[in-house]
Amino acid sequence: MQIDVDKIFAGDERTVAQAISLVENSREDAFELLRKLYLKTDLAYLLGVTGPPGGGKSTLVEKIVARWVENGEKVAVIAIDPSSEFSGGALLGDRIRMGSIATHPDVFIRSMATRGYLGGLNPAIFDTVLVLSAAGYQRIVIETVGVGQNEIDIVSLADTTLVVTVPEAGDEIQSFKAGLMEAGDLFVLNKSDHATAHRMELILKQMIDLARSDNSDWKIPLVKTVATEEEGLDELIKHITAHKQFLHDSNLEVSNKKKVMKNHLIHLLEEGLRNKYIEPLLKESSFHASIDAVINREVDPYTKVSEWLNDFGKEDFDR
Amino acid sequence: MSENIKVLIAKPGLDGHDRGAKVIARGLKEAGMEVVYTGLRQTTEQIVRAAIQEDVDVIGLSILSGAHSHLFPEIMKKLNDSGKDDVLVIAGGIIPDEDHDELKKLGINGIFKPGTPINEIVEFIHQELDVA
């Protein structure tokens, strides 16, 4: 499909949407387009929002985006839900909670499934961010369910990461504390009108104190909210703004950018190697024969793999 | 056509019952499609904006209120006006037989009645999108 680059820069919604589909479905074709965008595009400010299912992430995102848009910002939301490992399908339901911003002319919402990407979803998300940034969205929210490494990787793209929890999420907090607790720049205790909120607040405060081992001057805030009532929203927005400012003042912005770009380059390399060498190999009948050979102890897996690695790219060198 | 068929399941207008829409959403998901569900009481504008931004291949409209002859033409017009005319639109719910012709003229090519097996809908989508 031919995508008109000028239409992306002009912010044409339909073209932007088609470009994201290309990024998701047809990587090689997408690179052609992304090349034309990258050098002319500054990446938007990225807010990552994550946490256990049912914690009110989408509702909070709706409210935050509504405030930003009121202030004249153009805002995009990338809402990520898991794909089924069995069917490959996905149910993408984050829009349900975003009805009030869904028709605003300055808001663009895109739901994405995690699919079965071997190297993670990361390259496609980064490239989607690039397309949206080129289209003039100054702020982008990435929402994921905070359960696995994949999600933590996605969050690592963000300038500011919001971890949303709820009073009844005690056990889940335990299970993801190692990864997510370290990723969070801001914590939100949503549904804080719940009777057990106080207890959860104490647990969270302790965890936050222990979570960060870096020497950053940023003091991680815990904000109590009731998203549906917009309670605590002003405070939350204030903290997000403060973190954005902190990144800028402390020069962390620069080191974050470096980290993100390093990861993106690694991901693109992995993706390229996979598409160029590994995928074609998997389709060869000799690959399946090798599985049997290894099982039957005719050859060990380590020798077999190093043979393949040696062969990779050989035709290219002959040229 | 991409391998991953993306579908928007939407409930236009004022009816408060979405069991059917959810069953369809789940069925299509299990058939390997990526299904965006937008929830109850959607305006025609919300549906069309979602279809554009999500760049869906299929829109499934579920309606039980009887307002299809009013809402569907509005949706089809907005889709056409916005250039999103490459999308397959199907419908289900309570839509009397005598209204089917009128809706088909609008370009709503599949109308499925209560009790339709999911497979029939999946096959219809595959056929229309020309995927195996």
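Debye calculation, C-alpha points only, no solvent: report log10 I(q)/I(0) for chain A at q = 0.06, 0.09, 0.14, 0.16 Å⁻¹, in the same order as the q values.
The Debye formula, applied to the Cα set alone, gives -0.24, -0.53, -1.11, -1.35.
Taking the Cα atoms only, what angle lies between the long axis of helix A:13-25 and the longest principal axis of chain A, rounded to 10 degrees?
Value to nearest ten degrees: 50.
For chain A, calculate the relative contact order in percent as a whole number, restricting contacts to Cα pairs under 8 Å that are 6 or more residues apart.
18
Residue by residue through A:20-33, how many Cβ atoms from other chains fall within 10 Å of the Cβ on average?
Mean number of neighbouring Cβ atoms from other chains: 2.
Magnitude of the Cβ-charge dipole of chain A, K/R +1 and D/E -1, about the Cα centre, nearest 20 debye?
380
How long, wide and thick is segment A:1-145, going by the Cα atoms along their three principal axes, in whole angstroms, largest first?
Principal extents (Cα only, largest first): 43, 39, 21 Å.
Exposure proxy check: A:T15, A:T128 ranked by fewest other beta carbons within 10 Å?
By the 10 Å Cβ count, ascending: A:T15, A:T128.
With point charges of +1 on the Cβ of Lys and Arg and -1 on the Cβ of Asp and Glu, referenced to the Cα centre of the protein assembly as shown, which listed residue (B:Q42, A:A289, A:Q245) lies farthest in the positive direction of the dipole?
So the residue we want is A:Q245.
Taking 7 Å along the Cα-to-C-beta vector as the label spot, tell me the A:E284-B:H126 distance in nanometres, rounded to one decimal.
Simple spin-label model gives 3.2 nm for this pair.
Using θ = phi - 60° and the Karplus relation 6.51 cos²θ - 1.76 cosθ + 1.60, list the HN-Hα couplings for segment A:264-277 in order, rounded to whole Hz, with x at every Gly or Pro.
After applying 6.51 cos²θ - 1.76 cosθ + 1.60, I find 5, 4, 4, 4, 5, 4, 4, 4, x, 4, 5, 5, 7, 10 Hz.
For the residues A:W308, A:W68, what sequence is obtained by ranking on other C-beta atoms within 10 Å, fewest first?
If I rank by nearby Cβ atoms, fewest first, I get A:W308, A:W68.
For segment A:251-319, go through all pairs of different Cα atoms, get the mean of 1/r, take its inverse, and jot down that Kirkwood value in Å.
Working: mean 1/r = 0.0684 Å⁻¹.
Kirkwood radius, segment A:251-319: 14.6 Å.
Whose amide H sits under 5 Å from the amide H of A:G48, counting only residues 5 or more places off or on another chain, with H placed in the peptide plane?
Here the answer is A:I142, A:D159, A:T160, A:T161, A:L162, since their amide H atoms fall under 5 Å of that of A:G48.
Scan around A:I109 for amide H atoms under 5 Å from its own, H built in the peptide plane at 1.01 Å from N, and keep only partners 5 or more places away or cross-chain.
Hits under the 5 Å cutoff: A:V77.
Which of the listed residues, B:V56, B:L28, B:S69, is farthest toward the dipole's positive end in segment B:26-76, when Lys, Arg count +1 and Asp, Glu count -1 at the beta-carbon?
Checked the options; the winner is B:S69.
Taking R0 as 30 Å, what FRET efficiency do you get between A:N296 and A:K276 from their Cβ-Cβ distance, rounded to the nearest 0.05?
0.50
In whole angstrom, and with the biggest value first, how far do the Cα coordinates of segment A:36-101 range along each principal axis?
Computed over segment A:36-101, the largest-to-smallest principal extents equal 40, 32, 19 Å.
Label A:K238 and A:D311 with points 7 Å out from Cα along Cα→Cβ: what is the distance between them in nm?
With each label point 7 Å from Cα toward Cβ, the separation is 6.5 nm.
Treating the Cα atoms of segment B:2-129 as identical point scatterers in vacuum, please give the log10 of the normalised Debye intensity I(q)/I(0) at q = 0.17 Å⁻¹, two decimals.
Result of the Debye calculation: -0.81.
Tell me the label-point distance for the pair B:D81, A:E70, using the 7 Å Cα-to-Cβ offset, in nm and rounded to one decimal.
Reported label-point gap for B:D81 and A:E70 is 2.9 nm.
In sequence order, what are the phi-derived ³J(HN,Hα) couplings for segment A:192-207 according to the Karplus relation 6.51 cos²θ - 1.76 cosθ + 1.60 with θ = phi - 60°, rounded to whole Hz, with x for glycine and proline?
My calculation for segment A:192-207 gives 6, 7, 5, 4, 9, 4, 4, 4, 5, 4, 5, 4, 5, 4, 4, 5 Hz in order.
Each residue of segment A:285-294 in order: what ³J(HN,Hα) in whole Hz does its phi give by Karplus 6.51 cos²θ - 1.76 cosθ + 1.60, θ = phi - 60°, with x for Gly and Pro?
Per residue, the Karplus-derived 3J(HN,Hα) values read 5, 5, 5, 5, 4, 5, 4, 4, 4, 5 Hz.
In debye to the nearest 20, how big a dipole does segment B:2-129 give about its Cα centre with +1 on each Lys and Arg Cβ and -1 on each Asp and Glu Cβ?
For segment B:2-129, the charge dipole is close to 440 debye.
From largest to smallest, what semi-axes in whole angstrom does segment B:55-115 give when each is the square root of 5 times an eigenvalue of its alpha carbon gyration tensor?
Square roots of five times the eigenvalues give 19, 12, 10 Å.
Every read-out reported here was derived from the displayed coordinates using simple, explicitly stated rules and does not represent laboratory data. Remember, it's a predicted structure, so these values are computed and weren't measured experimentally. Glycine also receives a Cβ, built like all others from the backbone with ideal geometry; neighbour counts cover every protein chain displayed.
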